[in-house]
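All remarks here apply to the structure that follows.
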Amino acid sequence: MIAEDEDLLRAALVDLLRETWPELEIVAECDDGGSALDAIETFQPEVAFLDIRMPGLTGLEVAGAIPITSPTTEVVFVTAYDQYAIDAFDKGAVDYLLKPIARGRLIATVQRLKSRLAAGRTDTGALTTLLQQLATALPAATKPPPLGWITASTGKETRLIMIEDVVYFRADNKYTVVMTAAGEALLRKPIRELLDALDPAVFRQIHRATIVNLKAIEAITRDDTGKSLIKLKSRPETLTVSQSFMAVFRSM
């Protein structure tokens, strides 16, 4: 499984992998963290190539859920940063590739992956330790302030909605449904484009198609089948948390 939000870089990695590891089957190509997490849960891949910087969930957050959702998956991080990464990665338990990806480096990574897969030695403890190191060493991304308000339509009317009044966002094809206590409106923007514009301390993705305001949650429960459900303070409906995203909740 490959997760990289830049189309050209993702295509280049796919081409290099097909050249250097022709027997490899690529089961999914993803361009954001939420899709990557879903793909890992669905396909249980032997290897996941994760871009560290992605919209929504970062590669580090996706990797943090892997010991729960797919514990036998080997992780290779793809990153543009080498200053902080080399010391942590060169322990040998988890691999990384620097952008732009060099063919020789990928060949060495493939050989190490093949050896670990043949030995069945996936080390989730080493992955957890590495994630803790990278969490403090990763340079902070320079981002604009989070959204304070949006404009969304209800029929022929356009409404200005303050972000704190949003209970949750739900994907609707190329658009996004904005749900408040008073009802719904339609935002003419895909949910993927919202992820990096929202304050991650307030809004969290709980499903590939759903982002919830944490302040709007009354409780998280389980039904008789073990499915996790969110009960809201100001809405009667419940929201389903996919198993893979529940793993992210546990790490919060």
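Could you look through segment 115-132, keep only residues that are at pLDDT 85 or above and not hydroxyl-bearing (Ser, Thr, Tyr), and pick out the one that is nearest to THR72 (Cα to Cα)? Please lay out each step first, then the result.
Restricting attention to segment 115-132, the residues satisfying the condition of being at pLDDT 85 or above are 115-119.
Subset that is not hydroxyl-bearing (Ser, Thr, Tyr): 116-119.
Numbers: ARG116: 11, LEU117: 9, ALA118: 12, ALA119: 12 Å.
Going through the qualifying residues, I end up with LEU117.
Scanning segment 184-203 for residues that are loosely packed, with under 13 Cβ neighbours inside 10 Å and in contact with a strand residue (DSSP E or B) (Cβ under 7 Å, 6 or more places away or on another chain) gives a single hit, ARG188.
One line per residue, one yes/no per condition, for (1) surrounded by 24 or more Cβ atoms within 10 Å (Cβ to Cβ); (2) among the charged types (D, E, K, R); (3) outside any helix (DSSP H, G or I):
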position	(1), (2), (3)
VAL14	no, no, no
ARG18	no, yes, no
ALA39	no, no, no
THR42	no, no, no
PRO55	no, no, yes
ALA63	yes, no, no
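Every residue in segment 162-183 that is surrounded by fewer than 14 Cβ atoms within 10 Å (Cβ to Cβ) and either in a strand (DSSP E or B) or under 21 Å from the mean Cα position of the chain (by Cα) (or both), please.
Our first condition is that a residue be surrounded by fewer than 14 Cβ atoms within 10 Å (Cβ to Cβ); within segment 162-183, this holds for 162, 164, 173-174, 181-183.
Residues satisfying the conditions are MET162, ASN173, LYS174, GLY183.
In segment 204-240, the qualifying residues are those that are at pLDDT below 90 and in a loop (DSSP other than H, G, I, E, B), and the one that is surrounded by the most Cβ atoms within 10 Å (Cβ to Cβ) is ARG208.
The values are calculated or read from the model by the stated rules, or taken from the named source; none is laboratory data. As the structure is a prediction and not an experimental result, all values here were calculated from the model. Cβ coordinates were reconstructed from backbone atoms using ideal geometry, including for glycine residues, and neighbour counts include every protein chain displayed.
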